[in-house]
Each structure stands twice: as C-alpha cells, then as structure tokens.
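Reading through the structure tokens given below for one structure.
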Amino acid sequence: MAATLDEQTGNLWRDVRHDIARNPSALTGFFLLLSLLLFCTFGKLLWPDDPAALDLTQISQPPHLGLQTLVIYPDDASPVIAPENIHALQLTAPAHTEAVRLAWPTKNTMNFTLYRHTLPPSGLQDLGLPLATVHVDSTVSTVNYIDQLLLENRRYFYSVVSLDHAGKPIGVETLAVDVAHATPAENLNRHDGEHPKTIQLPAHPFGTDKLGRDLLARLIEGGRTSLFIGFAAPMLYVLFGALYGAMAGYRGGRIDTGMMAFADFVIALPFLLFVILLRIAFGLGAGDSGITALLVALLLLSWPNSARLVRAQVLQLRSMAYVDAARLQGASGFYIVWKHMLPNVLPSILVTLSFAIPAAIFTEAFLSFIGLGVVPPASSWGSMCNEGLSTLLTHPHELLFPATFISLTVLAFNLFGDGLRDALDVQTREARQ
Amino acid sequence: MKDIAPLLQIENLSVQLPTARGIVHAVRDVSFSIQHGEMLALVGESGCGKSVTAQAITGLLPGSAQVTSQHATFNQKPLFTGKYQNGIAMIFQNPMATFNPVLTIGYQIAEPLRQLHGYNRKDAEQEVVRLLERMKISDARQKAQCYPHEFSGGMLQRAAIAMALACKPQLLIADEPTTALDISTQHEVMALLTELMHEQLRAEEKLAILFITHDLGLVSRHADRIAVMYAGEIIETANTNDVLKKPAHPYTRALLAALPTPETKRLLALEGSPPDLRFPPAACAFAERCSQVIPICTQQVPPVVATQHAARCWLHEMEKT
Amino acid sequence: MIHYALKRIFTGLITIWFIASATFLAMHMVPGDPLADEKAVPLEIRTALLEYYGLDQPLPVQYLRFFNNMLHGDFGLSFTQKNRAVNDIIRAHFPVSALLGCIALLFATGGAMLWGALAARFHRHWPDYLIMGVVVASISIPGFVFAALAQIAVLHINQQFGTQFPLAGWGTVQQMLLPALVLGLGTMAYMARLMRSSMLDVQQAQYIRTARAKGLSSSRIFWIHTLRNAALPVFSTLGPAIAAITTGGFVVETVFAIPGLGRYFVQAVQQLDYTVIMGTTVFYGSFLVLMVLVVDLLVGVIDPRIRLQDGR
C-alpha cells in the first residue's frame, strides 16, 4: 500500500510547503512565530534598555511613549487658593502624584469622611473604606486635606461625605481630579545646577512593573528564556524518544516489549511532582532558579510519547514490501533505517515537535508562575506573570503583557502544527492510495 | 414473469457528486428494472458508478449529491423521496466495518426488528438466533452475544446478511459482498445467497437481489440477468446466458476475454483507462479503447432501446436495422 | 479482562512504590541534614522528627521505617505549622480540591461533548469555525491567565453594576463555579477538539451507513451509534485530564485563595516544608496513578475492543 510513499517523500516536502502556503491559519501561525523569534533575538538591538534596571520614578506605569513629569523641589510652594473663596469641594493647587490638595467648606458640619475611587461612585452605599476621617471644630470654615497616599497619574474621584453628630451621612460631594505625574527633585539625581519645571521621562511602550523595570526589555529578555526552554527541551527529548522508539520497533520481540513497558512506566509518573522532587534533590530553595530542574524533569519524563509514536510507525514500516525487498538485496540495517524509515517517520516527528514546544513553554510558564521555575531578577514570561499577579487588580498590564506573549507563542505553534499535520496527513494519504 | 410490474424500476437515473476537484458525473442516464425474486448482477470495473447507483437507491449518498431520475419506483411506490425505503436492505463490501464495534452482533441484528417491526425483546432474540442459524452460524445463541472483532470475516459477512434479512426486505442490494473475503469464503457466501433466494421463493416471500461486483465470473453461475456498467452508463443488459454466449458490446466482450478459462494461456488485458467522469464524453464513452471503433462512435452517443438484450453500441444498433 | 486488570494494578503499584522511593531519596539527597539547615524549625518538632524518622539510623533502616509509616497512612508532622500532622492537612484540605476538581471535570467533559458534537454537526459551517476558534484560543491561553482574567472581569462587573460577586474564597456555590469553570476550560478545549475529530471519523464510518441502510431513525443513529463510539477516545483521555485538572488546581486554588490541598502543596514547596511535600507528593502520586488506572479499566468495560487485548 505504501510502496510509492517512499519514492514520494522527495515531493512530499514541496507539497507540504504548498499546502501550508494555502492554509491561512497555518500561515498566520508561521509568520507569528517568525516575528516572535525576531522580537526575542533582535529586540535587544532596537530596545537596549536594561531589563533589570529599577526606575523608581516610574513604578507600575501603564504603557506610554515618553512622559512629562513635574519636578517637585523641596522648597516649592504651590499656589494656594484663599480659604474664604472655597464654596465646594475643590483643589487648592494643581494635582500631581506627590500631593493632591483638597479643600471644602464645613457648612455647619464637623465630621467628614473622605473617599477616593477610580470610577465614579454610584451612591452612598458602595463607597467602601474611607481614605480619611476628618473632625474639625466649629471655628473652622474650610477643611484642607492633602492626599499623598500612593498616587498615580490618572483620574480619581474624591467624595466627601458630611456626617451628623450621630455619624450618619447627610450629604455627599464628588470631585473628579486629573492627577499629573510628578517626581521629587532628589530622585532625579541631577547635578547640572539647572532647575527645570518639567522634564521628559524615558518611554516605556509596555509600561513598567512594580519595581519600575521596563516591561518591554523584560519581555525580550524573558522571551529568550521561555523560548530557549521551549525549543531546547523538546528537541532533545523528542530526538531521544524517536531513537528509543525506532530501536524498540526495529529490534522487535522481547527487547521491544521490555523497552515499551519501561516507557509506559515512565509515562505514568506525575510530572510536576518530579520537578519538585528534583528541585529538592538539587538543594534548591524557594528563591533559587529552577531552570535546570525543569529541563532535567522535561528530559527524563517527556520522551515516551514520541517513542510510542515512532515505534508504532517503525513496526508498520518494517513489514512493508519495499523494506523486505531492500533487506533481500542485502541492504544494511543502518541503510534501511536511514533511507526507508527515517523519511517516513520524519513528518510525524516534526508534528510531535510542533506540539511539544508549546507544551514545554506552557510548563515553564506554569512552574514559574507558582514560583518553581525562573525567579527574579532573571525573567521569563511565566515569572513575569507571577510577579504581575500581585498587582493584577490595580495594574493588570503587568500580567496581561507576558500572558499575551505566552498565549501568542502557543497559539502560533498550535496553528502552524495543525496546518503541518493536516498537510502531512493529506500528502501521506494521497501517496498511499 | 414479464406481465407483473417489476419490483424495482429505474429510468434515466443520473447522479452528480460534487468533489473538491469538480463535479463528477458518476451515474449517467441509467435505466434498469428488477423483477420479484430475480437476481440482477451489476458488473463493471471500479469507479464505473455501480456502487453509487446502489447508494442512490438506498438513499445513502451524501446530501450534496444530485440525484435525478425520470421515473423510479419500488413496489410501484416512488423512490428517492429522501426517506428510508421499507423493503430494501443492503450488505457492504467490508464486513469488518459493517458492524458497530462496541455493540454485540445480536443487538445490531435485532435493531431493525425492534425499531421497525415492533418485536419485543424476547421475540427479537429468538428471531436473531433463527436468522443466524439460517446463515449456518453454529452456536447462534452464544455468537449473538459476541462483539464484531470476535468474528472472522466470512462469519461477519454471514451475520451481515442476517442483519439485512432482519429488515425483512424484498430487495437485497449486495455491494461487492465477497470482494474482501478469500476465495473459498467467497463461494460459501455466494452459495448462501442463492440458497436464500430459492428458500424465499418457495416460502412465497420472493427476495430479489441486486448483486454488484467487478467479477463477471463470480456471478455467471448465479445471476438471472446481468447489466454491464462502464463510465457511469449501463452499456449492456441481458439474460446471463445471452451476455456470456453472445455479448453485444465490445466492452463486455473484452471483459469476457479477460476471464481466465481452462483454455486461456494468457490473460487479455484491455488497454487504456476509462474517461474522466468530471468531463464525460458526448459520444460513446468506450470509443477510445474500442478495437472496432467507427467514425460515428466519436461523434454521437449511441441510443439504447429497451429490449430483452439491449446494448449501448453503434455496431449493435446497425446490426438490428 | 481480569488478567488485564491485574496487570494494570500491578504496574500501578510499582509506580506508586517508585514515586514514594524517589520522594524518599530526594529528601535525603538534600545537602546535609534536611533538618539541620532549617533554623526555623522549632525544637520540639525537630526532636519529634528526628525520633520519627530516626535520622541517626542508617539509610536502609530509615527507608524501611518510612515505608512502614506510609503503609499505615502516617506522613509525620508539618515543619512550619506546629503540631499539625500531614495526615490532618491532607484530610482537611483534599476534599475541597476534590470537589473543585469534580465540578471542573464534569464541566470539561460535558462541555467538550456538547461543543465537539456541535462543531462536527456543522462541519465547515460558521458554528464549527466559531467553536474551533474559541477552542484553539483556549488551548493557547495558560490556566493562570484565565484565572487572572476571570478575577479582573468579576472586579469590573462588581464596579460597573454594583454587584457583590465574590472574587475569591470558598464555601458558596458562586465561589465554586467560577474557579471550576476556569480550571476546566483548558481540558474542555482539548477534549472538545478530540470529540470533534472523533465525531467526524465516526460519521464517515461504514457502520453508520449500515445503520442508515437498516432504516434506523436519525436520533437513534446519533445517540446509540455515533455519540457512543465518538465519546470513547474522549473517555480514554480522562486519566490525563484528571492529572491536568489536579495540577491546574494548584494554580487556581492559589489565585482564588481556595483552601485546597493544592494551595498548601505550593506553599509547602515554597517554604520547604519537607514532611508536607513528602506526604502530599506520595498522596498525589498515588491518587493520580489510581485515577488513571480506574479510568483505563472503565474504558475497558465500555469498549469491548480493549477486552480483546486480554488475550495477548
């Protein structure tokens, strides 16, 4: 049935290329992969920021292309609006991230609670925890409040609730405040003697993390780690599995039974548990990078699937008429494996590889995410997700960017792998008919 | 027999199958009929449209297939209604694939009895055993509990016939039922089918068989009539004896010449290949390979007159006139 | 069948033994005394542990002791949580993980059957493309990202509509459904893809045409012949699916602050709580081996072709 298969492997690759070129999703996967690889290999040339440099002026900054910041000098006296002119909740000075100065009239009430929200509050009942509780005595007509608590350059909604003497809310006033980015002068380390009012901060197209490190630089750096693990481990274990399976299938008999029984045993071992055991065996603590343990575990435990696959194919090929014919003509075992088996097994090895790589990337991400893989200051996409988790609810970009990169890579491999498998399926099926 | 209306009558049946590479005109203007209790053999090489014809009759073609026919009746009721035709059963080429691997043989034979003929469980069980025994399967009661993979190929094909009989058919369509079997089993199954027909005839429950095969030799001893198909057309229809003794179409003659007989020293092979049915020729489809081709053959489609011995050939046409 | 089952149980036992021994060895390969470099260990636990494991004894004796204790279901005391036996931790927190995992598994298999069958039914039409698009996306997104996205979504819904959906925790039905959904999603996507291709294969099978030729109703053909056969390959992946959901649970429990065994396991690993790691590793290992075994035997009951292999 596959007598022509062997002869057609030469044309096979041309046809597979042709099929993939006509398959839009496989093509998308291919170009996505190519751009991700280029991003990780040459990204550093275009974006030479140090991925480990801490920029304390920009903590957890959302993506921006250059940011104007007000420089705040210690002796800087912001203009203050006179208290007698205040009739409602308002700012007494331009709001910036170092301080938001608020003032409101007392209007015969002495107790207030002040709230800060990022979305306009819908009513008194869902204000949450107050920023401050303020008591004043009756001589005061205006309340001044300075908010310096973890301010960010964004819009805030300040609400002042006035309370009666029993502590019951009697009125609420809300003010939207756009806070500008500001930096204390001493953080800038300027020694040129100049005193600029504003300066331009460096751009961070993907924002910064909670230590002010540039996310783009870290994504490039982390991608190298993730892709290295993703490529290196599967290539090694798929190759080993293929050799193991080919050996078992080609030898057959008791050797085959024994070898496959061992493969079945290895396949039953739970992967994650062995990564942890290896970490412990290597004497790695909580803060130590576990790339080696991860790689060793991948190599030790992931090969049996490809071994099974290759063995099944070799068993099938071994009984083919043209293999018998070659053997009758006195071909050596090596020649048969090289000339007749390898070209036929290669397609499925490649398909296995195209699915093993995203699986390895996933594994790295998963382990780094629970803190058992790559750990800071080194970065991988998975460990970046781990760090981003703590600021998930306030700064989701710190998790979403690395997560997007993992997902895109895996998606690209899946799309390309599907296309490759379909193309090879069609080609081998047609060749067999 | 001719005075009674035929069991199955098909006139001008055409089937077009859309494929990725274009529309295939698999069956082109095919007409034939089967009488009650008759075995008609539909003979032709693979790809000539004989299986498609059978699937069209049983309604098994994919929904994308276009089936057109001027007049098609089964038991004087219209065919091709898109619904299941009561009274037609079918057996297939590969007995291994005919049965659902996860259900017992007995369950699958009992299915039509219980679903269509209102048997209760006990009666159905008994009928299954009776049918299996009739198909010469020993230990029928135990065998009914077996799964398909526990049967041999010949046994499975016999069980498949039993399953077809459970539909209580008047017409049994056998689509190359012996091709996947070895020679000795082939003859067993053939003998079983003929015996079955005779039994049914005696029991006044006439069973007609449409036997589809590429093996002219196999049916020559069993079929009442033979219809030869080539490139989607029936090119000759006649009683078995007439076809074998005085074939009218050059293709039939070539087929017969290719049969091994005690005298043949060398098998005669037919040169060339049948036409591409995506672009069916507007003349005689066999003209390209015919050794007796005359100019008109490549210009016009030869007519067919429904007679006792009909052939779609210009030479045959000229002989008559 | 019995022969097959016995063989599988035997290999399962060997695997469990291997996992336990590997765990034991790993603990003793730690440079130095596993207790010595942990200064945080309280004295009483240290003494208890030294006595417990007889760390002054030669390795083979320790190994035999370890096995003896393990066979009696005794994994010792936790390092970091004073006076808490590993057994108690497992007993208290595994039911939570098991419940979460069961809901996730039900959701995954049920959803996979439904979406896979639907996609196959509308093969090469828009529902197929839509379902497969979502499936490929779900396969490509790591589980922890789903967990994070779900939390952001709940937060925004709460802020926008003033609802009070819980973000984390455990106890109410609402707190169970979202994590279970997140946990089952990846597995569901894998299984749905398998179900779809399996349905497409079965629909082409000769026995389906036979069933049609027998005049069976299309609903009977679908339920008895198509669905049952198509579901078999999906069922046979239940073993790996349970493993995936178990390890996925580690993350989901951590993100959603669910007091399951998975979260304690991750904590123990991060805090190097050796006895807890050892106990839970052996427990999880045995659990997974057992589950895969049960699934394989069940598939053998459903699929008569597996029973045939008995004879080999």
When residues of region A:280-312 are limited to those that are buried (at least 23 other Cβ atoms within 10 Å of the Cβ) and at pLDDT below 80, the one farthest from the other protein chains (Cβ to nearest Cβ) | A:290
Does region B:99-120 contain any residue that is among the polar types (S, T, N, Q) and over 30 Å from residue C:302 (Cβ atoms)?
-> no
Of the residues that make up region C:216-233, is at least one away from chain B (no Cβ under 14 Å) and of a type outside the set (Gly, Ala, Ser)?
-> no
Selection from region A:105-147 of residues that are away from chain C (no Cβ under 14 Å) and among the hydrophobic types (A, V, I, L, M, F, W, C) | A:110, A:112, A:114, A:129, A:131, A:132, A:134, A:136, A:140, A:143, A:146
Return a yes/no flag: does region B:164-185 have any residue that is within 14 Å of chain C (Cβ to nearest Cβ), among the acidic types (Asp, Glu) and part of a loop (DSSP other than H, G, I, E, B).
-> yes
What is the one condition in (1) touching a Pro at 6+ places or on another chain (Cβ under 9 Å); (2) part of a strand (DSSP E or B); (3) surrounded by 22 or more Cβ atoms within 10 Å (Cβ to Cβ) that residue B:48 does not satisfy?
-> (2)
Sort out which residues of region A:9-29 are within 18 Å of residue A:348 (Cα to Cα) and buried (at least 16 other Cβ atoms within 10 Å of the Cβ), and write them in order of number.
-> A:9, A:12, A:15, A:16, A:19, A:20, A:26
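Got at least one residue in region C:257-267 being touching a Cys at 6+ places or on another chain (Cβ under 9 Å) and small (Gly, Ala, Ser)? Even if it seems obvious, please write down each step before you answer.
Our first condition is that a residue be touching a Cys at 6+ places or on another chain (Cβ under 9 Å); within region C:257-267, this holds for none.
For region C:257-267, residues touching a Cys at 6+ places or on another chain (Cβ under 9 Å) and small (Gly, Ala, Ser): absent.
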In region C:106-119, which residues are surrounded by 22 or more Cβ atoms within 10 Å (Cβ to Cβ) and among the hydrophobic types (A, V, I, L, M, F, W, C)?
-> C:108, C:112, C:115, C:119
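Within region B:239-321, considering only helices (runs of 4 or more DSSP H) that don't extend past its boundaries, which have at least 1 residues that are at pLDDT below 85? Explain how you work it out, then say what you get.
Values: elements: B:240-245, B:250-257, B:314-320.
Counting at least 1 such residues, we get B:250-257, B:314-320.
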Return the total of residues in region B:53-83 being buried (at least 18 other Cβ atoms within 10 Å of the Cβ), within 30 Å of residue C:303 (Cβ to Cβ) and of a type outside the set (A, V, I, L, M, F, W, C).
-> 2
Kindly indicate the residue of region A:131-146 that is over 44 Å from the mean Cα position of the chain (by Cα) and small (Gly, Ala, Ser) and also nearest to residue A:95 (Cα to Cα) among those meeting that condition.
-> A:141
Quick one: is residue A:394 touching a residue at least 60 places away in the same chain (Cβ under 8 Å), among the polar types (S, T, N, Q) and closer than 22 Å to residue A:272 by Cβ?
-> no
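Which one of C:235, C:222, C:256 is in contact (Cβ under 8 Å) with a residue 60 or more places away in the chain and under 30 Å from residue C:129 (Cα atoms)? Full working, then the answer.
Details: C:222 fails: in contact (Cβ under 8 Å) with a residue 60 or more places away in the chain; C:256 fails: under 30 Å from residue C:129 (Cα atoms).
Only one candidate passes the filter, namely C:235.
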Any residue in region C:256-268 that is within 12 Å of chain A (Cβ to nearest Cβ), over 20 Å from residue A:274 (Cα atoms) and crowded, with 24+ Cβ neighbours inside 10 Å?
-> yes
In region C:151-167, anything within 7 Å of chain A (Cβ to nearest Cβ) and either of a type in the set (Ser, Thr, Tyr) or over 12 Å from residue C:256 (Cβ atoms) (or both) is listed as C:152, C:155, C:159, C:162
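I'm trying to understand the selection: among the residues of region A:320-330, which are of a type outside the set (Phe, Trp, Tyr), in contact (Cβ under 8 Å) with a residue 24 or more places away in the chain and surrounded by fewer than 18 Cβ atoms within 10 Å (Cβ to Cβ)?
If the condition is that a residue be of a type outside the set (Phe, Trp, Tyr), in contact (Cβ under 8 Å) with a residue 24 or more places away in the chain and surrounded by fewer than 18 Cβ atoms within 10 Å (Cβ to Cβ), then A:321 is the only one that fits.
Taking residue A:227 as the residue in question, decide whether it is in contact with a Ser or Thr (Cβ under 7 Å, 6 or more places away or on another chain) and away from every other protein chain (no Cβ under 14 Å).
Working: in contact with a Ser or Thr (Cβ under 7 Å, 6 or more places away or on another chain): no; away from every other protein chain (no Cβ under 14 Å): yes.
Here the answer is no, as residue A:227 does not meet what is asked.
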Mind checking which residues of region A:362-404 are of a type in the set (Ser, Thr, Tyr) and more than 20 Å from residue A:204 (Cβ to Cβ)?
-> A:363, A:368
Of (1) free of Cβ contacts under 8 Å to residues at least 60 places away in the same chain; (2) within 14 Å of chain C (Cβ to nearest Cβ); (3) over 25 Å from residue C:22 (Cβ atoms), residue A:258 fails just (3)
Qualifying position, being at pLDDT 80 or above and within 19 Å of residue C:21 (Cα to Cα), among C:64, C:55, C:59 | C:64
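Could you tell me which of the residues C:104, C:117, C:148 is more than 14 Å from chain A (Cβ to nearest Cβ), in contact with a helix residue (DSSP H, G or I) (Cβ under 6 Å, 6 or more places away or on another chain) and under 25 Å from residue A:361 (Cβ atoms)? Break it down stepwise before answering.
On the way: C:117 fails: under 25 Å from residue A:361 (Cβ atoms); C:148 fails: more than 14 Å from chain A (Cβ to nearest Cβ).
After applying the criteria, what remains is C:104.
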Residue hits (region C:1-52; modelled with pLDDT under 65, at the interface with another protein chain (Cβ under 10 Å from one of its Cβ atoms) and surrounded by 12 or more Cβ atoms within 10 Å (Cβ to Cβ)) are C:30, C:34, C:37
Of the conditions (1) over 30 Å from residue B:94 (Cα atoms); (2) without any contact (Cβ under 8 Å) to a residue 60 or more places away in the chain; (3) surrounded by 14 or more Cβ atoms within 10 Å (Cβ to Cβ), the single one that residue B:270 does not satisfy is (1)
Failed item in (1) touching a Ser or Thr at 6+ places or on another chain (Cβ under 9 Å); (2) crowded, with 20+ Cβ neighbours inside 10 Å; (3) touching a residue at least 40 places away in the same chain (Cβ under 8 Å); (4) at the interface with another protein chain (Cβ under 9 Å from one of its Cβ atoms), with residue C:249 passing the rest = (4)
Here is a list of conditions, (1) modelled with pLDDT of 90 or more; (2) in a strand (DSSP E or B); (3) closer than 25 Å to residue B:302 by Cβ, and residue B:23 meets all of them except one; can you say which number that is?
-> (1)
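The values are calculated or read from the model by the stated rules, or taken from the named source; none is laboratory data. Predicted model, so just to flag it, every value in this text is computed and none were measured. Every residue, glycine among them, receives a Cβ derived from its backbone with ideal geometry; neighbour counts consider all protein chains shown.
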